[in-house]
Amino acid sequence: MTSIPSLLQLRAQLKQQRHRALVILSGSYTWQGSVIEGLWQTNESILWIGETVKTLQANIQAQINTLEHAQISDLLGQEVDSVIVDVRAGLSANTLGIASGLIRAGGVFILLTPDVEAWKTLPNPDNQRFLNSPYGTEDANPYFTQHLIQQWQADSSTPAIWLKESKNSASNSPIPIPKALQTTFNVNTKIIPPPLPTEDQIQAIQAIDSVAFGHRKRPLVLSADRGRGKTSVLGLAAIHCLMEGKSHIVLTASRLAQTKMAFTQALHALSVLQASQAIQITTQQTGRIAFELGDEPGGQSKLFEFIAPDQLIIEATTADVLMVDEAAHLPTPMLTELLKQHHRIVFSTTLHGYEGSGRGFELRFKERLNQFTPDWKNLHLKTPIRWAKQDPLEAAINHALFLDIEGHSTQSLDSSADHAPINILMDANIELTDVPVNMLLTDRVQFHHLFRLLVQAHYQTSPNDLQLLLSAPNLKIVVAKQNDQLIGVVLCVEEGKIMPTSKRVHGHLVPQLLVKHYALSDFLMLSSWRIMRIAVHPQVQREGIGKQLLNHVKHLAVQHRIDYLSSSFGAHNTLLPFWFQQGYHPVHVGIKRDKSSGSHNMVVTKALTPIAQQALASIQRAFQTQFPHLLMESLPHFSASMTLDVLKTFRFKNSPPYLEEAIHHFRLGQRAYESVSGQLWEWSIRHGHELALAPETTQAIWCDKVLKKQPWSTVAQQHKLAGRKAVEKALVDMLMNGPTSLKETVYTKPESIPDYGRFQFI
């Protein structure tokens, strides 16, 4: 079979095979309307993303739900019969990834495009989010669109089904089927949906049973790609556990709507069980199912309910089991708190390749699991339920967005006889160069490896990052190669060179942030390169590759007469020392914690010209004065090690003798803490290097009490100490038993009362 008579018959074939397909209609609205006319029945649902075309809607008899691209994540966990996107109104990579997972078997994902040649250079309104002012959508590179066209052309391994309007074409022309899909559409055998629950789901229910009835503090992480019935499993497992003896199970998620399928499946399971057991459903509401089990009046009461995660934090539940659906959508600190409060807990999440916050869950929250519950278990669902295996739509979308991470894992470095051993990295063997974006489309292998490195290094990478990489005209790509093998990459974006104005312009993250908090408006006029991403191959990390990449970026920036370099990232214990060692200085810490990582945003800068050096020195002075107060007022979760790393970058002209005197008197018990707490605080700010030499546990106690001014009871509880005396003893012991510089403080008695409120900055 090389063609199918019509789209209607294509859908019939898809339903028979339990598959879905990507269909691209390239032509005029009039022609597109005639092609889709009568394609859906009145009881079917269509999701139209972006602006709608009224003339086309008139050709559709199904129920149409219109949604903006930014709202697409609200529909996670729901199902539709088909999705339509008009690329003239914008096309988002995230939309492609999320919307494709909503479509039931037999559905189609339709892209309405102009003529293919026109589409290749058509400005994409969705690219505006990636552009710094004054760039507009017409200035963006068209390479993302061209990348999609390459991935979906007829000779691709994951093609789309293309229909193109021509003078001789008619709306009822046969549908050409690409060679790669002919086997799929040439099978006449009807595929029967797998019996539910599937073997995967049964394993998941058994694993949840172990959480409910087995050892405590052994949480389960249940992961899956979309369409694997992950949320349904939670509902089935909840009823199973309630029937086996549990009384109260709570399900939580960022939105109640996401859990709809869990309660639907739970209710269905109860209705089936009612045929053989005495079950009386007493409550059947949205997000709440209660029933009585047993023949006797007032039998065993059972409850399966939804409770919002923030409410769980405020009022801890006594539920037998807590289930967290789409856990990756919740902030890491919130997940950690839930983990601490509940000894029997199941985390369910979508880890689809690198997509969205699932990557943050993978890289960040599992660190917390290892820390608090090292015996946690992991189970991954593989069998698709909404559609059959080898689904053409899933393959086309995943391949185009590099979501098929297993198929394109990070390239292993070759250490064969033809190449130098990977553990011998001489500077002369490493080639550092910038790469034009358009070369990525011609060198597909390098493109794959480059993006794999970026995905592996950063917890927030999403499909939109692929779109940004191919679209932003002010993006610089610098790579490191050894023996023609990619070992590192840096992405930089141009910022600055904007006129001072009271109105905020789009983009220019660091310049506008620093002007908002510390700098004069003239600072906006300086030019900058902001380092967005830096990634090094796992096999050669800690070999100085990152340092060489940053040095090369500095070299290129100087050639382009850039005033300063900057970076903005989630502060982490391992990241701060790296940046500070490369000569970057902290100039800002964000108050709000990142949703995915639970970390505070840190901005660092490095001056390249005298005018930037002068301006940044002023900003650093302001930050140095403000940071200690932020620790007390807004950064209760900022770790001791990161606090001291920041303090070590501070510079003072001298250390007043009265500070050394206060330390000496406190150490010897000659002054109470309340008599010298201000001097201890000021001394700490000046002596980050010395404090950093103390044991980590002692650092944390000192930072919480002396720098953050937390109450004695809070510090004692946090560090499992027996009240104030134990905390105070830990502070004194740090001075008595710590590094030599702390034990043998030498001071000169001051002759006059000092000005305690002044810090002198160099």
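Looking at this structure, is Ser73 in contact (Cβ under 8 Å) with a residue 24 or more places away in the chain and closer than 30 Å to Ala224 by Cβ? Spelling it out, Ser73 is indeed in contact (Cβ under 8 Å) with a residue 24 or more places away in the chain and closer than 30 Å to Ala224 by Cβ. Within the range 263-297, the set of residues being closer than 16 Å to Gly245 by Cβ and either of a type in the set (S, T, N, Q) or in a strand (DSSP E or B) (or both) comprises Gln277, Ile279, Phe291, Glu292, Leu293. Within the range 577-595, the residues that satisfy the criterion of being closer than 19 Å to Ser634 by Cα and either touching a Pro at 6+ places or on another chain (Cβ under 8 Å) or not hydrophobic (A, V, I, L, M, F, W, C) (or both) are Pro586, His588, Gly590, Lys592, Arg593, Asp594, Lys595.
Looking only at the range 477-498, which residues are within 21 Å of Phe569 (Cα to Cα) and either in a loop (DSSP other than H, G, I, E, B) or hydrophobic (A, V, I, L, M, F, W, C) (or both)? Selection gives Ile477, Val478, Val479, Val489, Val490, Leu491, Cys492, Val493. With respect to the stated conditions, Leu25 fails to be touching a helix residue (DSSP H, G or I) at 6+ places or on another chain (Cβ under 6 Å), in a loop (DSSP other than H, G, I, E, B), modelled with pLDDT of 90 or more and under 30 Å from Ala180 (Cα atoms). Here Ser634 meets each of (1) among the small types (Gly, Ala, Ser); (2) touching a strand residue (DSSP E or B) at 6+ places or on another chain (Cβ under 7 Å); (3) crowded, with 21+ Cβ neighbours inside 10 Å with one exception, condition (3). If you filter the range 315-329 down to residues that are farther than 15 Å from Thr350 by Cβ and among the acidic types (Asp, Glu), you find that the one that is surrounded by the most Cβ atoms within 10 Å (Cβ to Cβ) is Asp320. Of all the criteria given as (1) modelled with pLDDT under 90; (2) within 20 Å of Glu394 (Cβ to Cβ); (3) assigned to a loop (DSSP other than H, G, I, E, B); (4) not hydroxyl-bearing (Ser, Thr, Tyr), the one not satisfied by Ile72 is (3). Restricting the range 555-586 to residues that are part of a strand (DSSP E or B) and within 24 Å of the chain's Cα centre (by Cα) leaves a set whose member that is surrounded by the fewest Cβ atoms within 10 Å (Cβ to Cβ) is Ser568.
The one condition from (1) surrounded by 21 or more Cβ atoms within 10 Å (Cβ to Cβ); (2) assigned to a loop (DSSP other than H, G, I, E, B) that Thr501 does not meet is (1).
Among the conditions (1) under 18 Å from Glu37 (Cβ atoms); (2) among the aliphatic types (A, V, I, L, M); (3) in contact (Cβ under 8 Å) with a residue 40 or more places away in the chain, the only one that Ala105 does not satisfy is (1).
Among the residues making up the range 242-251, those that are crowded, with 24+ Cβ neighbours inside 10 Å and either under 25 Å from the mean Cα position of the chain (by Cα) or closer than 11 Å to Val346 by Cβ (or both) are Ile249, Leu251.
For (1) modelled with pLDDT of 90 or more; (2) part of a helix (DSSP H, G or I); (3) closer than 30 Å to Ala519 by Cα, each residue gets a yes or a no:
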| residue | (1), (2), (3) |
| --- | --- |
| Phe627 | yes, yes, yes |
| Leu631 | yes, yes, yes |
| Ser641 | yes, yes, yes |
| Phe650 | yes, no, yes |
| Tyr658 | no, yes, no |
| Arg671 | yes, no, no |
| Glu674 | yes, yes, no |
| Ser677 | yes, yes, no |
| Trp681 | yes, yes, yes |
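Cβ separations smaller than 7 Å between residues 6+ apart or across chains give no pair from the range 648-674 residues that are within 27 Å of Ala622 (Cα to Cα) to residues that are acidic (Asp, Glu) and modelled with pLDDT under 90. Here is a check on your reading of the model: is Gly598 part of a loop (DSSP other than H, G, I, E, B) and surrounded by 19 or more Cβ atoms within 10 Å (Cβ to Cβ)? Yes; evaluated as a whole, the condition is true for this residue.
Thr184 - would you say it is crowded, with 18+ Cβ neighbours inside 10 Å, β-branched (Val, Ile, Thr) and at pLDDT below 85? The answer is yes for Thr184. The single condition from (1) at pLDDT below 95; (2) surrounded by fewer than 22 Cβ atoms within 10 Å (Cβ to Cβ); (3) farther than 30 Å from Thr2 by Cα that Arg228 fails is (2). Among the residues making up the range 686-734, those that are over 16 Å from His637 (Cα atoms), in contact with a Pro (Cβ under 8 Å, 6 or more places away or on another chain) and surrounded by fewer than 21 Cβ atoms within 10 Å (Cβ to Cβ) are Glu690, Leu693.
Within the range 587-625, if we keep just the residues that are in contact with a Lys or Arg (Cβ under 7 Å, 6 or more places away or on another chain) and among the hydroxyl-bearing types (Ser, Thr, Tyr), the residue that is nearest to Asp645 (Cα to Cα) turns out to be Ser599.
When Ala140, Ala118 are checked against the criterion of being out of contact with any strand residue (DSSP E or B) (no Cβ under 9 Å at 6 or more places or on another chain), among the hydrophobic types (A, V, I, L, M, F, W, C) and either assigned by TED's automatic domain parsing to the domain that holds Leu76 or closer than 18 Å to Asn398 by Cα (or both), Ala140 stands alone in meeting it. Scanning the range 91-127 for residues that are among the acidic types (Asp, Glu) and either farther than 20 Å from Glu68 by Cβ or more than 24 Å from the chain's Cα centre (by Cα) (or both) yields Asp115, Glu117.
Let's see how each residue does on (1) without any contact (Cβ under 8 Å) to a residue 60 or more places away in the chain; (2) assigned to a strand (DSSP E or B); (3) buried (at least 22 other Cβ atoms within 10 Å of the Cβ); (4) aromatic (Phe, Trp, Tyr):
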residue: Thr158; (1), (2), (3), (4): no, no, no, no
residue: Ile191; (1), (2), (3), (4): no, no, no, no
residue: Pro195; (1), (2), (3), (4): yes, no, no, no
residue: Asp200; (1), (2), (3), (4): no, no, no, no
residue: Arg216; (1), (2), (3), (4): no, no, no, no
residue: Leu222; (1), (2), (3), (4): no, yes, yes, no
residue: Ser232; (1), (2), (3), (4): no, no, yes, no
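The values are calculated or read from the model by the stated rules, or taken from the named source; none is laboratory data. Please read these numbers as outputs of a predicted model, since none were measured by experiment. When we count neighbours, we look across all protein chains shown, and the Cβ atoms used for this are built from the backbone with ideal geometry, even at glycine.
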